[in-house]
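Colleague: Please see the structure below; I have some questions.
The values are calculated or read from the model by the stated rules, or taken from the named source; none is laboratory data. All values reported here derive from a predicted model rather than from experimental measurement. Glycine gets a Cβ as well: all are built from the backbone with ideal geometry, and neighbour counts include every protein chain shown. Ligands, DNA and RNA are excluded from the accessible area calculation, which covers all protein heavy atoms including side chains. Shrake-Rupley method; radii C 1.70, N 1.55, O 1.52, S 1.80 Å.
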Amino acid sequence: MNTVLDFQKKKVSGQKITMVTCYDYSFAQLIQKTNVDCILVGDSLAQVMHGHPTTLKATAKLMALHTAAVVRGLPNKFVVADMPFLSTRKGLIHAMNCVDLVMKAGAQAIKIEGADGHSELIQHIVESGVPVMGHLGLTPQSIHQLGGPKVQGKKSEQALKIINDARALEKAGCFAVVLECVPAQLAKEITASLKIPTIGIGAGHETDGQVLVLQDMLGMNPDFQPRFLKKYLNGADLIVGALNSYVSDVGSGQFPKKEHSYE
Ligand code: KIV
(Lines give C-alpha, C1' and ligand atoms only; values in the text may rest on other atoms or scores of the structure.)
Protein backbone atom coordinates (compact mmCIF):
# COMPACT_ATOMS: atom_id res chain seq x y z
CA MET A 1 0.00 0.00 0.00
CA ASN A 2 1.18 3.54 -0.75
CA THR A 3 1.82 5.86 2.18
CA VAL A 4 2.18 9.63 2.44
CA LEU A 5 5.93 9.05 2.04
CA ASP A 6 5.39 7.44 -1.37
CA PHE A 7 3.42 10.45 -2.61
CA GLN A 8 6.25 12.71 -1.48
CA LYS A 9 8.79 10.46 -3.24
CA LYS A 10 6.71 10.56 -6.42
CA LYS A 11 6.79 14.35 -6.41
CA VAL A 12 10.57 14.39 -6.00
CA SER A 13 11.12 11.78 -8.73
CA GLY A 14 8.60 13.37 -11.11
CA GLN A 15 6.32 10.30 -11.22
CA LYS A 16 2.68 11.32 -11.55
CA ILE A 17 0.20 10.43 -8.79
CA THR A 18 -3.21 9.04 -9.84
CA MET A 19 -6.33 9.33 -7.74
CA VAL A 20 -9.96 8.44 -8.47
CA THR A 21 -13.06 8.66 -6.33
CA CYS A 22 -14.85 5.55 -5.13
CA TYR A 23 -17.95 5.27 -2.99
CA ASP A 24 -18.90 1.58 -2.95
CA TYR A 25 -17.62 -1.97 -2.51
CA SER A 26 -18.15 -3.31 -6.04
CA PHE A 27 -16.16 -0.55 -7.77
CA ALA A 28 -13.59 -0.75 -4.96
CA GLN A 29 -12.96 -4.41 -5.83
CA LEU A 30 -12.26 -3.40 -9.45
CA ILE A 31 -9.98 -0.51 -8.48
CA GLN A 32 -8.07 -2.94 -6.25
CA LYS A 33 -6.93 -4.71 -9.46
CA THR A 34 -5.52 -1.48 -10.97
CA ASN A 35 -2.40 0.65 -10.56
CA VAL A 36 -4.32 3.69 -9.27
CA ASP A 37 -2.28 5.17 -6.41
CA CYS A 38 -4.88 6.72 -4.19
CA ILE A 39 -8.66 6.56 -3.67
CA LEU A 40 -10.85 9.43 -2.59
CA VAL A 41 -14.15 8.79 -0.85
CA GLY A 42 -15.28 12.23 -1.93
CA ASP A 43 -18.28 14.08 -0.60
CA SER A 44 -19.30 14.16 -4.27
CA LEU A 45 -21.00 10.90 -3.26
CA ALA A 46 -23.92 13.10 -2.19
CA GLN A 47 -24.41 13.90 -5.89
CA VAL A 48 -23.19 10.76 -7.63
CA MET A 49 -24.66 8.13 -5.29
CA HIS A 50 -27.57 9.98 -3.69
CA GLY A 51 -28.75 12.34 -6.43
CA HIS A 52 -28.41 15.61 -4.51
CA PRO A 53 -27.65 18.77 -6.52
CA THR A 54 -24.55 19.66 -4.44
CA THR A 55 -22.13 18.03 -1.99
CA LEU A 56 -23.72 19.86 0.96
CA LYS A 57 -25.91 16.92 2.02
CA ALA A 58 -22.98 14.64 2.84
CA THR A 59 -22.73 13.98 6.58
CA ALA A 60 -19.97 12.46 8.68
CA LYS A 61 -22.04 9.29 9.16
CA LEU A 62 -22.61 8.96 5.40
CA MET A 63 -18.90 9.53 4.73
CA ALA A 64 -18.02 6.83 7.27
CA LEU A 65 -20.57 4.37 5.83
CA HIS A 66 -19.21 4.73 2.28
CA THR A 67 -15.59 4.75 3.49
CA ALA A 68 -16.11 1.43 5.30
CA ALA A 69 -17.63 -0.14 2.16
CA VAL A 70 -14.77 1.12 -0.04
CA VAL A 71 -12.08 -0.05 2.37
CA ARG A 72 -13.60 -3.58 2.45
CA GLY A 73 -13.01 -3.77 -1.30
CA LEU A 74 -9.63 -2.01 -1.25
CA PRO A 75 -7.59 -3.43 1.59
CA ASN A 76 -4.30 -2.46 -0.08
CA LYS A 77 -4.90 1.07 -1.36
CA PHE A 78 -4.42 4.44 0.29
CA VAL A 79 -7.90 5.81 0.98
CA VAL A 80 -8.66 9.47 1.69
CA ALA A 81 -12.08 10.45 3.07
CA ASP A 82 -13.60 13.91 2.71
CA MET A 83 -14.56 15.96 5.74
CA PRO A 84 -18.16 16.95 4.88
CA PHE A 85 -19.78 20.39 4.68
CA LEU A 86 -19.34 22.50 7.87
CA SER A 87 -17.66 19.66 9.75
CA THR A 88 -14.57 21.83 10.25
CA ARG A 89 -16.55 24.92 11.25
CA LYS A 90 -18.34 23.77 14.41
CA GLY A 91 -15.43 23.62 16.80
CA LEU A 92 -12.54 21.30 17.47
CA ILE A 93 -14.50 18.51 19.17
CA HIS A 94 -17.01 18.30 16.34
CA ALA A 95 -14.22 18.22 13.75
CA MET A 96 -12.24 15.60 15.66
CA ASN A 97 -15.35 13.42 16.08
CA CYS A 98 -15.75 13.48 12.31
CA VAL A 99 -12.06 12.61 11.80
CA ASP A 100 -12.52 9.80 14.32
CA LEU A 101 -15.55 8.41 12.43
CA VAL A 102 -13.92 8.27 8.99
CA MET A 103 -10.54 7.06 10.24
CA LYS A 104 -12.19 4.27 12.25
CA ALA A 105 -14.15 3.42 9.10
CA GLY A 106 -10.75 2.61 7.59
CA ALA A 107 -9.47 5.74 5.81
CA GLN A 108 -5.74 6.48 5.87
CA ALA A 109 -6.18 10.25 5.56
CA ILE A 110 -8.80 12.98 5.41
CA LYS A 111 -9.35 15.86 2.98
CA ILE A 112 -10.45 19.36 4.01
CA GLU A 113 -11.75 22.01 1.59
CA GLY A 114 -10.43 25.57 1.85
CA ALA A 115 -7.72 27.20 3.93
CA ASP A 116 -9.39 30.15 5.66
CA GLY A 117 -9.50 29.49 9.40
CA HIS A 118 -8.17 25.93 9.00
CA SER A 119 -4.46 26.20 9.85
CA GLU A 120 -4.74 25.39 13.58
CA LEU A 121 -7.25 22.61 13.00
CA ILE A 122 -5.07 20.99 10.31
CA GLN A 123 -2.04 21.26 12.59
CA HIS A 124 -4.02 19.59 15.39
CA ILE A 125 -5.26 16.76 13.15
CA VAL A 126 -1.75 16.16 11.77
CA GLU A 127 -0.27 16.21 15.30
CA SER A 128 -2.94 13.62 16.20
CA GLY A 129 -1.40 11.28 13.64
CA VAL A 130 -3.88 11.77 10.80
CA PRO A 131 -2.58 12.84 7.37
CA VAL A 132 -4.51 15.76 5.86
CA MET A 133 -4.99 16.53 2.15
CA GLY A 134 -5.95 20.12 1.34
CA HIS A 135 -8.32 21.25 -1.44
CA LEU A 136 -8.19 24.70 -3.08
CA GLY A 137 -9.58 26.47 -6.14
CA LEU A 138 -13.14 25.40 -6.85
CA THR A 139 -14.21 24.07 -3.47
CA PRO A 140 -17.68 22.58 -4.06
CA GLN A 141 -18.76 22.99 -0.42
CA SER A 142 -18.62 26.79 -1.07
CA ILE A 143 -20.57 26.55 -4.32
CA HIS A 144 -23.16 29.11 -3.24
CA GLN A 145 -20.48 31.56 -2.12
CA LEU A 146 -18.56 31.08 -5.37
CA GLY A 147 -21.70 31.62 -7.48
CA GLY A 148 -21.50 28.25 -9.26
CA PRO A 149 -18.93 25.77 -10.54
CA LYS A 150 -16.56 28.38 -11.99
CA VAL A 151 -12.82 28.33 -12.68
CA GLN A 152 -11.04 30.01 -9.75
CA GLY A 153 -7.91 32.17 -9.76
CA LYS A 154 -8.32 33.82 -13.16
CA LYS A 155 -7.81 37.29 -11.68
CA SER A 156 -4.39 38.05 -10.20
CA GLU A 157 -5.75 38.90 -6.73
CA GLN A 158 -7.67 35.60 -6.60
CA ALA A 159 -4.63 33.70 -7.93
CA LEU A 160 -2.39 35.22 -5.25
CA LYS A 161 -4.83 34.15 -2.55
CA ILE A 162 -4.79 30.56 -3.83
CA ILE A 163 -0.96 30.59 -3.88
CA ASN A 164 -0.85 31.91 -0.31
CA ASP A 165 -3.51 29.43 0.81
CA ALA A 166 -1.50 26.56 -0.70
CA ARG A 167 1.59 27.69 1.23
CA ALA A 168 -0.46 27.98 4.43
CA LEU A 169 -1.78 24.43 3.96
CA GLU A 170 1.74 23.11 3.45
CA LYS A 171 2.93 24.98 6.55
CA ALA A 172 0.02 23.59 8.58
CA GLY A 173 1.18 20.06 7.71
CA CYS A 174 -0.92 18.90 4.73
CA PHE A 175 0.76 16.04 2.84
CA ALA A 176 -0.82 17.00 -0.51
CA VAL A 177 -3.25 19.50 -1.95
CA VAL A 178 -5.99 19.12 -4.56
CA LEU A 179 -6.24 22.03 -7.02
CA GLU A 180 -9.67 22.05 -8.63
CA CYS A 181 -10.56 24.12 -11.71
CA VAL A 182 -7.75 26.66 -11.68
CA PRO A 183 -5.84 27.92 -14.72
CA ALA A 184 -3.02 25.55 -15.74
CA GLN A 185 -0.39 28.27 -15.33
CA LEU A 186 -1.47 28.95 -11.74
CA ALA A 187 -1.43 25.22 -10.92
CA LYS A 188 2.06 25.01 -12.42
CA GLU A 189 3.31 27.89 -10.24
CA ILE A 190 1.79 26.41 -7.08
CA THR A 191 3.23 22.98 -7.89
CA ALA A 192 6.70 24.49 -8.34
CA SER A 193 6.50 26.48 -5.13
CA LEU A 194 5.36 23.64 -2.83
CA LYS A 195 7.36 20.73 -1.43
CA ILE A 196 4.16 18.67 -1.07
CA PRO A 197 2.46 17.17 -4.15
CA THR A 198 -0.42 18.89 -5.93
CA ILE A 199 -3.22 16.79 -7.41
CA GLY A 200 -5.22 18.52 -10.12
CA ILE A 201 -8.73 18.26 -11.50
CA GLY A 202 -9.28 20.82 -14.24
CA ALA A 203 -5.87 22.28 -13.38
CA GLY A 204 -3.81 21.31 -16.43
CA HIS A 205 -1.04 18.76 -16.77
CA GLU A 206 1.74 20.27 -14.65
CA THR A 207 0.40 19.25 -11.26
CA ASP A 208 2.08 16.30 -9.52
CA GLY A 209 -0.99 14.13 -10.01
CA GLN A 210 -4.54 13.98 -11.30
CA VAL A 211 -7.90 13.09 -9.78
CA LEU A 212 -11.20 12.34 -11.51
CA VAL A 213 -14.61 11.27 -10.28
CA LEU A 214 -14.85 7.58 -11.22
CA GLN A 215 -18.35 7.71 -12.70
CA ASP A 216 -17.38 10.77 -14.77
CA MET A 217 -14.30 9.15 -16.31
CA LEU A 218 -16.29 5.99 -16.99
CA GLY A 219 -18.87 8.04 -18.91
CA MET A 220 -21.84 7.11 -16.74
CA ASN A 221 -23.52 10.48 -17.27
CA PRO A 222 -23.72 11.38 -20.98
CA ASP A 223 -24.91 14.93 -20.15
CA PHE A 224 -21.85 15.77 -18.04
CA GLN A 225 -18.99 16.93 -20.26
CA PRO A 226 -16.98 19.70 -18.63
CA ARG A 227 -13.84 20.77 -20.53
CA PHE A 228 -11.49 19.09 -18.05
CA LEU A 229 -13.09 15.63 -18.27
CA LYS A 230 -11.74 12.81 -20.41
CA LYS A 231 -14.09 9.84 -20.63
CA TYR A 232 -12.26 6.49 -20.77
CA LEU A 233 -15.42 4.45 -21.34
CA ASN A 234 -18.88 5.03 -22.74
CA GLY A 235 -20.34 3.48 -19.58
CA ALA A 236 -23.87 4.86 -19.98
CA ASP A 237 -24.38 3.38 -23.46
CA LEU A 238 -22.79 0.06 -22.50
CA ILE A 239 -24.95 -0.35 -19.40
CA VAL A 240 -28.21 0.82 -21.03
CA GLY A 241 -27.44 -1.47 -23.97
CA ALA A 242 -26.81 -4.45 -21.68
CA LEU A 243 -30.05 -3.88 -19.77
CA ASN A 244 -32.05 -3.59 -22.99
CA SER A 245 -30.46 -6.82 -24.30
CA TYR A 246 -31.57 -8.52 -21.09
CA VAL A 247 -35.13 -7.25 -21.49
CA SER A 248 -35.23 -8.37 -25.11
CA ASP A 249 -33.70 -11.81 -24.27
CA VAL A 250 -36.25 -12.40 -21.53
CA GLY A 251 -39.07 -11.33 -23.87
CA SER A 252 -37.90 -13.55 -26.73
CA GLY A 253 -37.11 -16.56 -24.53
CA GLN A 254 -33.35 -16.30 -25.25
CA PHE A 255 -32.78 -16.06 -21.50
CA PRO A 256 -32.72 -18.15 -19.43
CA LYS A 257 -31.62 -21.13 -21.52
CA LYS A 258 -30.96 -24.70 -20.49
CA GLU A 259 -27.45 -23.82 -19.27
CA HIS A 260 -28.86 -21.23 -16.90
CA SER A 261 -31.42 -23.63 -15.43
CA TYR A 262 -31.13 -26.34 -12.78
CA GLU A 263 -31.94 -29.93 -13.78
O1 KIV B 1 -15.55 15.03 -3.64
C2 KIV B 1 -14.84 14.92 -4.65
O3 KIV B 1 -15.12 14.14 -5.57
C4 KIV B 1 -13.65 15.76 -4.75
C5 KIV B 1 -12.83 15.66 -6.01
C6 KIV B 1 -13.51 16.33 -7.13
C7 KIV B 1 -11.45 16.19 -5.81
O8 KIV B 1 -13.36 16.48 -3.86
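Colleague: Take residue 182 and decide whether it is assigned to a strand (DSSP E or B) and either modelled with pLDDT of 95 or more or touching a Phe, Trp or Tyr at 6+ places or on another chain (Cβ under 8 Å) (or both). Before the answer, list the steps.
Modeller: Details: assigned to a strand (DSSP E or B): no; either modelled with pLDDT of 95 or more or touching a Phe, Trp or Tyr at 6+ places or on another chain (Cβ under 8 Å) (or both): yes.
Answer is no for this residue.
Colleague: Being open to solvent by 70 Å² or more (accessible area, probe 1.4 Å) and either outside the structural domain of residue 38 (by TED's automatic domain parsing) or under 17 Å from residue 228 (Cβ atoms) (or both) is the filter here, so list the residues in region 152-194 that pass it. Walk me through it before giving the result.
Modeller: Step one: list which residues in region 152-194 are open to solvent by 70 Å² or more (accessible area, probe 1.4 Å), which gives 154-158, 160-161, 164, 167, 171, 185, 188-189, 192.
Selection gives 154, 185, 188.
Colleague: In region 149-195, what count of residues is obtained for those that are aliphatic (A, V, I, L, M) and within 16 Å of the ligand (Cβ to nearest atom)?
Modeller: Here is the first cut: in region 149-195, the ones aliphatic (A, V, I, L, M) are 151, 159-160, 162-163, 166, 168-169, 172, 176-179, 182, 184, 186-187, 190, 192, 194.
Now drop any that are not within 16 Å of the ligand (Cβ to nearest atom), which leaves 151, 162, 166, 169, 176-179, 182, 187, 190.
Looking only at that region, the number is 11.
Colleague: Restricting the first residue to region 193-211 and requiring it to be within 15 Å of residue 137 (Cα to Cα) and free of Cβ contacts under 8 Å to residues at least 40 places away in the same chain, which pairs with a second residue that is among the hydroxyl-bearing types (Ser, Thr, Tyr) and within 11 Å of the ligand (Cβ to nearest atom) meet a Cβ separation below 7 Å and a spacing of at least six or different chains?
Modeller: Close Cβ pairs satisfying both conditions: none exist.
Colleague: Residues to consider are 241, 235, 219, 204; find the one that is surrounded by fewer than 20 Cβ atoms within 10 Å (Cβ to Cβ), of a type outside the set (A, V, I, L, M, F, W, C) and on the phi > 0 side of the Ramachandran plot.
Modeller: Values: 241 fails: on the phi > 0 side of the Ramachandran plot; 235 fails: on the phi > 0 side of the Ramachandran plot; 219 fails: surrounded by fewer than 20 Cβ atoms within 10 Å (Cβ to Cβ).
Answer to the selection: 204.
Colleague: Can you name the residue in region 32-77 that is more than 12 Å from the ligand (Cβ to nearest atom) and open to solvent by less than 10 Å² (accessible area, probe 1.4 Å) and is also modelled with the lowest pLDDT among such residues?
Modeller: So the residue we want is 74.
Colleague: Inside region 79-118, can you point out the residues that are open to solvent by less than 50 Å² (accessible area, probe 1.4 Å) and within 23 Å of residue 160 (Cβ to Cβ)?
Modeller: Within region 79-118, 112, 113, 114, 115, 118 qualify.
Colleague: Considering only residues that are part of a helix (DSSP H, G or I) and touching a residue at least 12 places away in the same chain (Cβ under 8 Å), look in region 82-99 and name the one that is farthest from the ligand (Cβ to nearest atom). Don't jump to the end; show me each part of the working.
Modeller: The first filter runs over region 82-99 and keeps only residues part of a helix (DSSP H, G or I), leaving 92-99.
Checking the rest, the ones that are also touching a residue at least 12 places away in the same chain (Cβ under 8 Å) come to 92, 95-99.
Values: 92: 23, 95: 18, 96: 21, 97: 20, 98: 15, 99: 17 Å.
In this case the residue turns out to be 92.
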